[in-house]
Amino acid sequence: MNPTETDLRDDASPAITEAHGDAHHAAHGHGSPGDQMFGFVIFLLSESVIFFSFFAGYIVYKTTAQTWLPEGVLGLEVREPAINTVILVSSSFTIYLAERYLHIKQLWGFRAFWLLTIAMGSYFLYGQAIEWSHLAFGFTDGVFGGTFYLLTGFHGLHVFAGVLLQLIMLVRSFIPGNYDRGEFGVASTSLFWHFVDVIWIILFLLIYIWQ
Amino acid sequence: MPGAPNDWQRFFSFSTDHKVIGIQYLVTSFFFFLVGGIFAMIIRGELITPESDLVDRTVYNAMFTMHGTVMLFLWTFPCLLGLGNYLVPLMIGARDMAFPRLNAIAFWMVPVFGTILMASFLVPGGPAQAGWWAYPPVSLQNPTGNLINGQMLWLLAVAISGVSSIMGAVNFVTTIARMRAPGMTWFRMPVFVWTVLAAQIIQLFGLPALTAGAVMLLLDLTVGTTFFDPAKGGDPVLFQHFFWFYSHPAVYVIILPIFGIFSEVLPVYARKPLFGYKVVAISSLIITGLSAIVWVHHMFASGTPGWMRMVFMATTMLISVPTGIKVFAWVATIWGGKLRLSTAMLFALGGLVMFVFSGITGIMLAAVPVDIHVNNTYFVVGHFHYVIYGAVVMGIYAAIYHWFPKMTGRMYSEGLGKLHFALTFIGTNLNFFPMHPLGLQGMPRRVASYDPEFTFWNVVASLGAFLLGMSTLPFILNMIGSWVQGEKAPKNPWRAIGLEWLLSSPPTVENFEELPIVVSEPYGYGKSDPLVSNPDELEVAHEPN
Amino acid sequence: MKIRTILTLGTLVIALALISWWMGEQSYTWFPPQASAESQLIDRLFSFLVAIGTFIFLGVVGTIVYVALFQQAGKYDTSDGPHIEGNVTLEVVWTAIPFILVVGIAAYSYHIYDRISILGPMEHVHGSMAHNMASETPAIAPVSTEANDSNAIVKSEVVIAVKSRQWAWEFYYPDRQVTTAELHLPADQRISLQLTSEDVIHGFYVPAFRVKQDIIPGRAITLKFTPIREGRYRLRDSQYSGTYFAAMQADVVVESDDSYQQWLTDAANQKPTAAYNQAFDEFQRSPGGRIGWQTVQPAPPPLVNYPGKGTS
């Protein structure tokens, strides 16, 4: 070994050695799975700032607005959304189980729990739609109406995107050799789903519990 | 070879080569620089007389709105992304960005939103006229009542620009964190890479706030929500918070890579290492951190409570410390060196001088009692343009001249370059210095007409602006002429130290045949240590053509 | 040699300091006249900043110019400069000094701000800030010149309502129920303006007073200051408010208490007439002739007891 490589080993962080191995992927259109996951995580961090901005706006409006609830509206019904919340949060566990099954190469176990997650996500969306259709106020009814629909709608859009991603991953699980090059698709969909869940918990506390 | 007649098409294709994308960014953004410049000429043409006589007031208002928007979102941002795209993979020893396809998509969104923005000239009611801050309620007024209006298209363009920037930021951060060549440790990265990293982190945490504000404004404007409409219980000041939470750090997104360019260019032409490399590198990240907590200094007169004014005055003052460290480091870098005043060096030094001036006026603006007087006057406009033209555009020119041989394989003309520098330096000062006395005298920004007492300095500024407009001509001539028939450039015409200078000019598609193994610190001027242990294996040997 | 270096440096620093001090003194002439008590304090702070800034600018830029002129490489000199990577002492010094400097500047600015805003009744409202930003928000509150002089009788505030709309200023004197298009103020008395806007955000800005406050629609914002110099000044809209933004100006007249009272009495006896309004006038003169885009229509000129002398 020449001094160069000793030098290299002393200074290099694990990321560098990894980058070395991954580098050949780069020229062919997309990064290695490790890079993809890294990129996806920072994307989610950035995405969370949009939600935090909306949350901040909500808090400012709620604490300073002269008229908060529209006329005739007393507050929000909590029971149905609470059930919805339980279902959405539970789906974080089912998607985790699905991932574990995939990890031990039990494809049918994976598909079963994956499908269950999809069902729970879809039920959440359905519950949300029902709630919206029964509300006495619209998005033009003051800043309360605006922020309520903005937050739940923007989050609902993410749930919808998550369900779509899950469907794609489900279909792709039937392609032979789909997981030969890693499980990035499933892992990132699952991470996205946890993200959507955590956002909902904050949202639920802000909108429904803190009334 | 770029410039060869059968090869130019790839610059118009969906290429995933970071070097092609880099040049695509540079050329596209320069086109929009000229567009924004024409708007500026109209603005200065109107202001050469006190009366509103050259164009209608609505046209004038559209001009300064579009001038600001184009110069930021379509010139400085994409131009610096272009430089980053071209240089970062080369500087860290990577074959491309982490996500080349994403890179190409992010670039092609630029002409798309540029077109949307320009298309707003064609809709009834004209383009947005609420300034580039788009403060409601003015931005919500929409006198035509149409759903498709200038402000709406403006918001759409800004939103697409945001998506494109986030894609770019994810790509840059991933590339820098994970694609470095063996031996390229964090503290062996050139400072330009550090500053790009610091700038792109700002994009990641700051831009979503603007997106949030823009979405809410768009909903107010189109579907009738009432977030920012005070007549219906909304809060217009909240938008200002969303806007400045991003748009102040956005200035750092622009200036940080310029700090990187200064740090690259000055050592090469002074033949000395960058003074205090680690401190300069780290201070970029400190600036990133502090930039998230200074935004309210734009709102000292917006009905901000006293305690908030004091807190943000303190943070704003504080951010000048890491910035000052950098300036002193650059001065120490050139001190005792062996300077060669090439065009790139002249631009870097000129930019540095004007940056120092803008830093001092920046401290004045941070002091709340002074700010209350000069806020929203031409003093702020002058300060900002010393930053954005004096430092940023001069820095961009320095970078373009410095890396021109690497990008094109041709040498530029020093004579034309120096003429360009002289015109730019004189024009910039002539144009933007008079704005300071105007502001102190109390001339508000964004006015189409003004009291006759302000005439003298406005005439000077307008003449300076026209000189600046002319100054781009030798540049364009130099770039096109040199690219077509300049002298062939060797690998390393400036005897610079850096991975990109070990490759042929321009580098091949894959950059490195064999990845470099980096064995020493950057900026090893005055020392003869090799930068990499395998300099001869980086490229396949081929006969020079 | 060493002594010579120290002497040279010492002379340079002293010369720089003298030039900086001179620039600081010059800076007073860059402003409009000091027509309010606040303006004296603010100009003093600015002068201080100019002096410090001049020193830093000349020091840094002088060094750069010196290096660029006298430390160039010879034509055929391809050697490198000395390999100096840094100097910890130097780096600590130039981190510490700017840090101390900005802390000092911030403290001095705070001190000035404090003198502007605390010397007066404004201090009482600080506590309620969190709950209702709308009603208080001191922008620049007054330095009461009387407060420094214990013999003076503390006079009550002169309360005037300032109404802004696209694109006209209107002033209302509630004591005499007088409406005007020109703002008259008695000298040496604390003025309390109640700022309101009917449409968009405007900004109340009188350069000669060095005061500026955005007017947020839906809020009533109080602005207090003390004019001290008689004369005619300009009020300008400082927050961009749409098409005729630049035309939204008005005259401010500071006069002695006697002539102020006389003026108020005269005005109260006049029948309301339409004041000249530049935005409205321009819009009326050329509705079809404008080669521009559609605009929000200017509000009609306000009907006032005193339309003012200025025609623009």
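The values are calculated or read from the model by the stated rules, or taken from the named source; none is laboratory data. The structure displayed is predicted, hence computed values, not measured ones. Cβ: placed from backbone, ideal geometry, glycine included. Neighbour counts: every protein chain shown.
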> Within the group B:A169, B:A128, B:A177, which residue is at pLDDT 95 or above and more than 14 Å from chain A (Cβ to nearest Cβ)?
Replying inline: B:A128
>> Can you find a residue that is within 14 Å of chain C (Cβ to nearest Cβ) and within 22 Å of B:L256 (Cα to Cα) anywhere in the range B:69-88?
In response: no
>> Would you confirm, using the coordinates I've provided, whether B:E539 is touching an Asp or Glu at 6+ places or on another chain (Cβ under 7 Å) and outside any helix (DSSP H, G or I)?
In response: yes
> Taking the range B:397-420, which residues are assigned to a helix (DSSP H, G or I), more than 12 Å from B:L346 (Cα to Cα) and either touching a His at 6+ places or on another chain (Cβ under 7 Å) or in contact (Cβ under 8 Å) with a residue 40 or more places away in the chain (or both)?
Replying inline: B:I400, B:W403, B:F404, B:P405, B:K406, B:M407, B:T408, B:L416
> Got at least one residue in the range B:188-206 being facing chain A (nearest Cβ under 10 Å), aliphatic (A, V, I, L, M) and in a helix (DSSP H, G or I)?
Replying inline: yes
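Within the range C:95-117, restricting attention to residues that are surrounded by fewer than 20 Cβ atoms within 10 Å (Cβ to Cβ) and among the hydrophobic types (A, V, I, L, M, F, W, C), which residue is nearest to the other protein chains (Cβ to nearest Cβ)? Walk me through it before giving the result.
So the first thing to find is which residues in the range C:95-117 are surrounded by fewer than 20 Cβ atoms within 10 Å (Cβ to Cβ), and the list is C:95-97, C:99-101, C:103-104, C:107-108, C:110-111, C:114-115.
The next check asks that each one be among the hydrophobic types (A, V, I, L, M, F, W, C); those that pass are C:96-97, C:99-101, C:103, C:107.
Working: C:A96: 9, C:I97: 9, C:F99: 5, C:I100: 10, C:L101: 9, C:V103: 8, C:A107: 9 Å.
Result: C:F99.
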> Mind checking which pairs have a first residue in the range C:276-287 that is under 17 Å from C:E182 (Cα atoms) and a second that is in a helix (DSSP H, G or I), Cβ under 6 Å, 6 or more apart or different chains?
Replying inline: C:Q278/C:A247; C:A279/C:A247
>> Looking only at the range C:34-62, filter to residues that are hydroxyl-bearing (S, T, Y) and modelled with pLDDT of 95 or more; which one of those is surrounded by the fewest Cβ atoms within 10 Å (Cβ to Cβ)?
In response: C:S47
>> Being surrounded by fewer than 19 Cβ atoms within 10 Å (Cβ to Cβ), within 10 Å of another protein chain (Cβ to nearest Cβ) and in contact (Cβ under 8 Å) with a residue 24 or more places away in the chain is the filter here; which residues of the range B:287-314 pass it?
In response: B:M310
> What is the number of the single condition among (1) of a type in the set (V, I, T); (2) within 13 Å of another protein chain (Cβ to nearest Cβ); (3) more than 16 Å from C:L185 (Cβ to Cβ) that C:T273 does not meet?
Replying inline: (2)
>> Need the failing condition index for B:L117 against (1) within 14 Å of chain C (Cβ to nearest Cβ); (2) modelled with pLDDT of 95 or more; (3) buried (at least 24 other Cβ atoms within 10 Å of the Cβ), just the number.
In response: (1)
> Can you tell me which residue in the range A:97-106 is nearest to the chain's Cα centre (by Cα), limited to those that are loosely packed, with under 15 Cβ neighbours inside 10 Å and in a helix (DSSP H, G or I)?
Replying inline: A:R100
>> All but one of (1) at pLDDT 90 or above; (2) farther than 15 Å from B:A94 by Cα hold for B:L503; state the number of the condition that does not hold.
In response: (2)
> Out of the residues in the range C:196-222 that are more than 8 Å from chain B (Cβ to nearest Cβ) and surrounded by fewer than 24 Cβ atoms within 10 Å (Cβ to Cβ), which is nearest to the chain's Cα centre (by Cα)?
Replying inline: C:T222
> When the range C:40-86 is examined, which residues are found to be out of contact with any Ser or Thr (no Cβ under 8 Å at 6 or more places or on another chain) and among the β-branched types (V, I, T)?
Replying inline: C:I42, C:I56, C:V60, C:V61, C:T63, C:I64, C:V65, C:V67, C:T78, C:I84
> For the range C:250-283, how many residues are assigned to a strand (DSSP E or B) and either buried (at least 21 other Cβ atoms within 10 Å of the Cβ) or among the hydrophobic types (A, V, I, L, M, F, W, C) (or both)?
Replying inline: 5
> Is it the case that the range B:135-149 has a residue that's in contact (Cβ under 8 Å) with a residue 60 or more places away in the chain, of a type in the set (S, T, N, Q) and assigned to a helix (DSSP H, G or I)?
Replying inline: yes
> Restricting attention to the range B:326-349, does a residue exist that is surrounded by fewer than 23 Cβ atoms within 10 Å (Cβ to Cβ) and of a type in the set (S, T, Y)?
Replying inline: yes
>> Quick check on my filter: what residues within the range B:215-228 are within 12 Å of chain A (Cβ to nearest Cβ) and buried (at least 22 other Cβ atoms within 10 Å of the Cβ)?
In response: B:M216, B:L217, B:D220, B:T225, B:T226, B:F227, B:F228
> Mind checking which residues of the range C:44-73 are closer than 14 Å to B:H373 by Cβ and more than 9 Å from chain B (Cβ to nearest Cβ)?
Replying inline: C:R44, C:S47
> So B:T76 fits all but one of (1) part of a helix (DSSP H, G or I); (2) surrounded by fewer than 24 Cβ atoms within 10 Å (Cβ to Cβ); (3) not aliphatic (A, V, I, L, M); what number is the exception?
Replying inline: (2)
>> Exactly one condition in (1) farther than 23 Å from A:W210 by Cβ; (2) in a loop (DSSP other than H, G, I, E, B); (3) within 14 Å of another protein chain (Cβ to nearest Cβ) is false for A:G39; which is it?
In response: (2)
>> Just to be sure before I move on: is B:L503 away from every other protein chain (no Cβ under 14 Å), over 18 Å from B:P535 (Cβ atoms) and not acidic (D, E) in the structure I sent?
In response: no
> What are the residues in the range B:168-177 that are buried (at least 24 other Cβ atoms within 10 Å of the Cβ) and under 19 Å from B:V519 (Cα atoms), if any?
Replying inline: B:I176
> Considering only residues of the range C:79-94 that are within 7 Å of chain B (Cβ to nearest Cβ) and over 41 Å from the mean Cα position of the chain (by Cα), which is surrounded by the fewest Cβ atoms within 10 Å (Cβ to Cβ)?
Replying inline: C:S79
> How many residues, within the range B:272-286, are among the basic types (K, R) and either more than 9 Å from every other protein chain (Cβ to nearest Cβ) or surrounded by fewer than 24 Cβ atoms within 10 Å (Cβ to Cβ) (or both)?
Replying inline: 1
>> It is to be established whether one or more residues within the range B:225-245 are part of a helix (DSSP H, G or I) and over 19 Å from A:Y61 (Cβ atoms).
In response: no
> Which residues, taken from the range B:354-381, are without any contact (Cβ under 8 Å) to a residue 24 or more places away in the chain and among the hydrophobic types (A, V, I, L, M, F, W, C)?
Replying inline: B:I360, B:M364, B:V370
